[in-house]
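Quick notes on the structure that follows.
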Amino acid sequence: MTWVSAAVVDTRPPAGRAVESRHGEVVTAKLRARLATRMPGDRLRGWIVTGLVTAFGAILRLIGLTHPKGFIFDEVYYPQDARQMLMHGVEWDVNSNSGSFVAHPPFGKWCISIGEWLFGYNEFGWRIPSVVAGVVSILLITRLARRLTGSTVLGATAGLLLSMDGMHFVLSRAGLLDIFLMVFILASFYCLVLDRDARRRRWLRALDTGIDPSKQRPPFSIPWWRIASAVLLGLAMGVKWSALWYIILFVALIFVWEWRLRRLVGAAHPLRDAFIDEIGWLFLFGAIVVAVYLATWTGWFLSDDGYYRHWLRDNHQSEPPVIGPLINLWHYHMDVLHFHDTLSSPHTYQSWPWQWMLDIRPVVFFWSPDVDCGAKECASEVLMLGTPLLWWAFLPSIIALVWWAVAHRDWRAWGILGAAAAGIVPWLAYPDRTMFFFYALPAVPFLVLAVVFALGMIIGPPKSSPERRLSGSLIAAGIVILIALCFVYFYPIFTGQPITNDDWHARMWLDNRWI
């Protein structure tokens, strides 16, 4: 279903008619419509709009990228780790002159190291990879939203909203890991949607040849998009372990989509057939994730100096080839898991998952009162805060999307809801752990998609009256404009611009909770 009047490619026959297959079987127009991929017909304009939205997000993130100077927040860890990895292949403790214990896998730091290798060990070098990841995510969500809604306008809206989210914006300009985790998860989800499209087209082609879906299956084909999704999830796991929840979710989505597909085409035993047909692919999916994850540890495997690299040998045990290093890595992982399970040290900016959706406790990345703003008392701050009007629209949008998912049994709505939940809900199981607001970043693109779907509901379906569509479009446009103005208002404290103390206090809407 689409909610805008953009042209849609429609290869279906007129309503009420059916198409005869090669061998005389009939594929109904309704079935053909449900199996076909419905996309807007403005392909060229779609790419132009995508390019403009992506360029807008890139320019925003590049302006003043090297300010503030020096390390901000957790840049005291990851850019330095990245530099040592370029020199030693592993994170390095310069005091002990040996591999150091680290709490996260290496791939996010390898991403940061690319910028340092290309541009040097400086603010631009360790922040530009985050810019690239953030900009790529804007491109991806624009294309994904266009695919899901059938609207170039709503696709562009998704890209613009993500561009103007304060959390996404700040993390796109800092040498931290979470932006890489988010972009790999988003890309993996997009590949999963493309895999769903490809599998449905496969069945449609098979039905056109006259197969009996109650007895036969389409010819064998390799699900390349699914494989790509698995590779991207492996990379996400190589950034942070919190990608695990998305692995579980995506495997479940694949199975449910395949089961529903077989039910749609008329398989005699859709649940059983989906299990038999897909179980091998699902095991391969998991194996690819594991293999790619292990590949992100290549520097550690090739080194003799990585932390616990020779745990067996150091504990006077034999260390056989291949198995030995894997056992050593397992013991390293057990130490990391223990670290995360026992991380409960109080922190000024810690917060809990039930606060995240309300934008209650942001994180100060940088603060300095020693700046010149032309007034007696000045301040410069980089505050990792979600754009308030956007974040306060998330909960109403989620409620609307739940209603839509239940009322229309819409796979798009359920997929978005699941992906948003996977980024936040699992953290509820760790009430005593020290947590921060930016842990929610992987959920942000899917929360933005929820807002975009809600805006589509406000605009109304294409068959609505012109008056209904006009009023809905004006309301939706007004909401987007208000969010944009909110982003502009908070821009100085997203970027560390010198402002007066009065101007700074005026932006602390929740008083002490934001200070």
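The values are calculated or read from the model by the stated rules, or taken from the named source; none is laboratory data. Given the structure is predicted, the values throughout are model-derived calculations rather than measurements. Positions of Cβ are generated from backbone atoms using ideal geometry, with glycine treated the same way; all protein chains shown enter the neighbour counts. When the accessible area is computed, the model is the full protein with side chains, heavy atoms only, and any ligands, DNA or RNA have been set aside. Shrake-Rupley method; radii C 1.70, N 1.55, O 1.52, S 1.80 Å.
Compactness ratio for the stretch 173-328: Cα radius of gyration over 2.2 N^0.38 Å (N = residue count) comes to 1.34. Label sites at residue 209 and residue 348, each approximated as a point 7 angstrom past Cα along Cα to Cβ, lie 6.6 nm apart. Placing unit charges on the Cβ atoms of the charged side chains and taking the dipole of the stretch 86-200 about its Cα centre, the candidate lying farthest along the positive direction among 150, 166, 137 is 150. With the helix formula -39500 (n - 2.57) applied to DSSP H stretches of n ≥ 4, the chain reaches a computed 222 nm mean residue ellipticity of -19000 deg cm²/dmol. Considering every alpha-carbon pair of the stretch 28-95, the percent of pairs per 10 Å bin, from zero through the bin containing the longest distance, is 15, 20, 19, 17, 17, 10, 2, 0.
Only the Cβ atoms of Lys and Arg (+1) and of Asp and Glu (-1) were treated as charged; on that basis the dipole of the chain about its Cα centre amounts to roughly 2860 debye.
Available extension along the chain between residue 340 and residue 96 is 85.5 nm, counting 0.36 nm per residue and deducting the alpha carbon span.
Assuming a ≥ b ≥ c are the square roots of the Cα gyration tensor eigenvalues, decide whether the stretch 253-394 counts as rounded (a/c under 1.5), prolate (otherwise, with a/b larger than b/c) or oblate.
In terms of gyration-tensor shape, oblate.
Of the solvent-accessible surface of the chain, computed with a 1.4 Å probe over protein heavy atoms with every protein chain present, carbon and sulfur atoms account for 65 percent.
Between residue 402 and residue 34, what is the label-to-label distance in nm when each label sits 7 Å out along the Cα-to-Cβ direction? The answer from the label model is 2.7 nm. For the stretch 218-246, backbone nitrogen atoms closer than 18 Å to the point 7 Å from residue 284 Cα along Cα-to-C-beta are found at 218-234. Stretching the chain fully between residue 323 and residue 66 yields a gain of 88.1 nm (0.36 nm per residue, less the alpha carbon separation).
Under 10 Å from the Cβ of residue 81, count the other residues' Cβ atoms, weight Lys and Arg +1, Asp and Glu -1, and hand me the total. Summing Lys/Arg as +1 and Asp/Glu as -1 gives +1. Assuming a ≥ b ≥ c are the square roots of the Cα gyration tensor eigenvalues, decide whether the stretch 343-471 counts as rounded (a/c under 1.5), prolate (otherwise, with a/b larger than b/c) or oblate. Oblate, since a/c reaches 1.5 and b/c is not below a/b. Can you bin the stretch 145-217 into rounded, prolate or oblate? Criterion: square roots of the alpha carbon gyration tensor eigenvalues sorted a ≥ b ≥ c, rounded for a/c under 1.5, prolate for a/b above b/c, oblate for the rest. Note, shape of the stretch 145-217 comes out oblate. Here, the stretch 396-486 yields an orientationally averaged convex hull projection of 7.2 nm² when only Cα atoms define the hull. For the pair residue 468 and residue 433, a Förster radius of 60 Å applied to the C-beta separation gives a FRET efficiency near 0.80, rounded to the nearest 0.05.
Total lysine pairs in the chain at Cα distances under 24 Å, for residues eight or more apart or on different chains: 5. What's the longest piece of the chain with no exposed trypsin sites (Lys or Arg not before Pro), counting a site as exposed if DSSP puts it in a loop and it has at most 13 other beta carbons within 10 Å? Free of exposed loop sites, the longest segment is 216-375. Accessible surface calculations at 1.4 Å, restricted to protein heavy atoms, place the stretch 235-283 at 45 Å² per residue.
Counting only whole DSSP H helices of the chain, the ones at least 30 Å long by C-alpha along their axis and with mean Kyte-Doolittle hydropathy no lower than -1.0 are 123-149, 178-208, 244-265, 270-295, 466-495. By the Cβ distance rule (another cysteine Cβ under 4.7 Å), the unpaired cysteines of the chain are 111, 191, 486. Most tightly packed first, judged by the mean number of other beta-carbon atoms within 10 Å of their residues, the peptides 53-60, 118-125 read 53-60, 118-125. Only bridges with both residues in the chain count here: give the DSSP antiparallel percent, nearest 5. Once the DSSP bridges in the chain are tallied, antiparallel ones form about 100 percent.
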